[in-house]
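Enquirer: The structure that follows is given in the form of structure tokens.
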Amino acid sequence: MKVIVVGAGYVGLVAAACLSQSGHQVVCVDKNIKKIEALNNGIIPIYEENLESIVRESLGNNNLQFSSKIFVSSDIDMIIIAVGTPTLPDGRVDLSQVYNVFREIVNVVDHPIIVVMKSTVPPGVGEKVKKVFLNKSKVPISYISNPEFLREGQAVWDWYNPDRIVIGGDDRESIKKVLKLYSDIDAPRCIMDITSAEMVKYASNAFLATKISFINEIANLCELVGADILPVAKAVGLDKRIGGQFLKAGLGYGGSCFPKDTRGLDFVSTINGHTFNLLKSVIEVNFKQRIYAVRKLINHLGTINGKKVGVLGIAFKPNTDDTRESPAIDIIKMLVDEGADVVAYDPVVGSEQCPLPEEITLTNNYEVATKHAHALVICTEWPEILNIDWEEVAGHMRDPKVILDGRNCLSKSLLVELGFKYLGIGR
Ligand code: UDX
């Protein structure tokens, strides 16, 4: 197949690289000229395991090219759209990038073609795009919804090992052609109409977010009744109908998808006349989890005004430098508001990646954050944090040596033995 991928962001880049590795001819287009120049030299703007080597190999064998303009030669079979769909302050999804691409496509396409939507768009957008943009095209343009479920940090693995491939469309031939993109991938194919495919993406992310907020509520209750969330979550998850994944209690979810998609689905519900109360609670519980953590720390320190607090881990999860909607950012802001002297540590995140209050110090050396600290807050379960020499840290911290383990990732018994006051989530 010969395809154009529009958008060299996280999803577009992974799709372009993996499709070219599977033998398709791919041109990946992005308006950001500097990014395209770097990509043509094999320099990847994000950290993603194996991505750089695939891009370099595909550039080498000419299966992959990068360009700053959409040029639709007559042999192009389809255009895959993977541009950003951020949330606006009122919860609406900002579709301006998607609409701009369609305006451009309608102008440049001169032969029948398939447009494959990989960006996450609210249910109903595909049908609207067909009416508003595609019906105005001089040549037939077929629309397929093909949502992506990649996780940051393991996107290449996820691409080749998906739980399912979801295709929404109303033209059998186009669906067949899009399926050919995935002929080397072994996974169930779920074929449906466009709006249903769009809904699958939102429902999946909202359900996973619900699991996280649910287990966080159970964890909070565990603390009140004197139970331990770790054996509770393990035993609950062993019920095959529930499943053990996404039952890790902690500071809640962050990242570019769950916060955006839960808010987006809430807005879609409201605008369609449905009040999605369960989802509203999921969002609220997730935010409160951050406040509870700060409250717990204050309760144990008396006051945190003037005390040194080391925040360990800024990324929203390990193995990424992404700090979007990371619980650590809100926690740092609240600690600063309460007068704490905050030193934040992350093994990879630098100040250019995240907007932190001016008064905090950001370091890539954990000792700078732990030395003379009264308390530590673990926000990301990085291997670098799990492997810290806690005996050494106990030696250079100040009393009362509180560790708030916001990811329940450290050994409570070891830390207590070393003289720390250990606070987990639901333990
Ligand atoms: C998610 C979805 O998993 C993916 O399918 C979708 O395409 C994009 O959104 P991602 O944002 O990369 O992927 O991260 P994920 O690994 O799913 O974790 C999301 C957040 O939930 C992280 O902040 C993580 O720390 C948190 N989380 C996850 C929990 O708090 N508890 C859990 O049990 C699992």
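The values are calculated or read from the model by the stated rules, or taken from the named source; none is laboratory data. All values reported here derive from a predicted model rather than from experimental measurement. Note that each Cβ is placed from the backbone with ideal geometry, even for glycine, and that neighbours are counted across all protein chains shown. Quick note on the areas: whole protein, heavy atoms, side chains included, nothing else; ligands and nucleic acids left out. Shrake-Rupley method; radii C 1.70, N 1.55, O 1.52, S 1.80 Å.
Enquirer: Arranged from highest to lowest average of other beta-carbon atoms within 10 Å per residue, in what order do the peptides 114-123, 207-216 appear?
Expert: Going by the mean number of other Cβ atoms within 10 Å, highest first, we get 114-123, 207-216.
Enquirer: If you don't mind, another one. Could the peptides 171-178, 394-401 be put in order, highest first, of the mean number of other beta-carbon atoms found within 10 Å of their residues?
Expert: Result, highest mean Cβ count within 10 Å first: 171-178, 394-401.
Enquirer: Right, next: Among LYS211/LYS317; LYS333/LYS401; LYS176/LYS260, which pairs are too far apart, with a Cα-Cα distance over 26 Å?
Expert: Pairs exceeding the cut-off: LYS176/LYS260.
Enquirer: Using 1/(1 + (r/R0)^6) with R0 = 35 angstrom and r between the beta carbons of ASP389 and GLN245, what's the FRET efficiency to the nearest 0.05?
Expert: It comes out at approximately 0.70.
Enquirer: Can you tell me the order of 37-45, 232-240 when each peptide is scored by its average per-residue count of other Cβ atoms within 10 angstrom, highest first?
Expert: Ranking the peptides 37-45, 232-240 by packing returns 37-45, 232-240.
Enquirer: Then there's this: Can you compute the charge dipole magnitude of region 2-83 about its Cα centre, using +1 on each Lys and Arg Cβ and -1 on each Asp and Glu Cβ, nothing else charged? Give it in debye, rounded to the nearest 20.
Expert: 260
Enquirer: With a ≥ b ≥ c taken as the square roots of the eigenvalues of the C-alpha gyration tensor of the chain, please select rounded if a/c is under 1.5 and otherwise prolate if a/b is larger than b/c or oblate if it is not?
Expert: prolate
Enquirer: Leaving out ligands, DNA and RNA, what percent of the accessible area of the chain is carbon and sulfur, probe 1.4 Å?
Expert: Result for the chain: 53 percent of the exposed heavy-atom area is carbon or sulfur.
Enquirer: Still on this structure, please answer the following. So, taking all protein chains as they sit and a 1.4 Å probe, how much accessible area belongs to MET1, in Å² rounded to tens?
Expert: 50
Enquirer: Note down the net charge around SER137, summing +1 for each Lys or Arg and -1 for each Asp or Glu among other residues with Cβ under 14 Å from its Cβ.
Expert: Combined, the nearby Lys, Arg, Asp and Glu give +3.
Enquirer: Sticking with this structure for a sec: At 0.36 nm per residue, and after removing the present C-alpha to C-alpha distance, how many nm does the segment from LEU88 to ASP110 gain when stretched out fully?
Expert: 4.5 nm
Enquirer: Kirkwood hydrodynamic radius (Cα pairs, Å) of region 374-423?
Expert: 10.8
Enquirer: Given 0.36 nm per residue, what is the gain on full extension from LYS234 to ILE291 after removing their alpha carbon distance, in nm?
Expert: 18.0 nm
Enquirer: Got a number for the accessible area of VAL132? Probe 1.4 Å, square angstrom, nearest 10.
Expert: For VAL132, the solvent-accessible surface is approximately 60 Å².
Enquirer: With a 1.4 Å probe and every protein chain left in place, work out the accessible area per residue of region 28-177 in Å², rounded to a whole number.
Expert: 49
Enquirer: Further question on the same structure: For region 1-85, what is the Kirkwood hydrodynamic radius in Å, using each pair of distinct C-alpha atoms?
Expert: Computed over Cα pairs of region 1-85, the Kirkwood hydrodynamic radius comes out at 12.4 Å.
Enquirer: With N set to the number of residues, divide the alpha-carbon radius of gyration of region 341-398 by 2.2 N^0.38 Å and report two decimals.
Expert: The reported ratio for this selection is 1.11.
Enquirer: Report the Cα centroid-to-centroid distance between region 329-345 and region 29-58 in angstrom, as an integer.
Expert: 35
Enquirer: Another question about this same structure. After finding the eigenvalues of the alpha carbon gyration tensor for region 104-254, what semi-axes result from the square roots of 5 times each, listed largest first in whole Å?
Expert: They are 40, 17, 12 Å, listed largest first.
Enquirer: May I pose another question? Would you mind computing, in nm to one decimal, how far apart the modelled labels at ILE271 and GLU127 are, each placed 7 Å from Cα along Cα→Cβ?
Expert: 1.4
Enquirer: Could you give the DSSP H helices of the chain that reach 20 angstrom or more along their long axis (alpha carbon positions) and whose average Kyte-Doolittle hydropathy is no lower than -0.5?
Expert: 194-225, 277-301
Enquirer: Taking the alpha-carbon centroid of each part, what is the distance from region 121-146 to region 198-254 in angstrom?
Expert: The two parts, judged by their Cα centres, are 37 Å apart.
Enquirer: Something else about it: So what's the net charge close to TYR182: Lys and Arg +1, Asp and Glu -1, counting the other residues with Cβ under 15 Å from its Cβ?
Expert: Charge balance in the 15 Å sphere: 0.
Enquirer: Tell me the label-point distance for the pair LYS371, SER281, using the 7 Å Cα-to-Cβ offset, in nm and rounded to one decimal.
Expert: For the pair LYS371/SER281, the computed spacing is 4.8 nm.
Enquirer: Full extension from ASN161 to LEU179: what is 0.36 nm times the residue separation minus their Cα-Cα distance, to one decimal in nm?
Expert: Fully extending the segment from ASN161 to LEU179 adds 5.0 nm.
Enquirer: Right, here's the next one. Any of LYS248/LYS412; LYS131/LYS180; LYS69/LYS180 with alpha carbons more than 22 Å apart? Name them for me.
Expert: Checking Cα-Cα distances, LYS131/LYS180; LYS69/LYS180 exceed 22 Å.
Enquirer: Still on this model: At 222 nm, what value in deg cm²/dmol follows for the chain if DSSP H runs of at least 4 each add -39500 (n - 2.57) and the sum is divided by all its residues, to the nearest 500?
Expert: Here the helix-only value at 222 nm equals -13000 deg cm²/dmol.
Enquirer: Using the Cα gyration tensor of region 46-135, with a ≥ b ≥ c the square roots of its eigenvalues, what is the shape: rounded (a/c below 1.5), prolate (a/b larger than b/c) or oblate (neither)?
Expert: oblate
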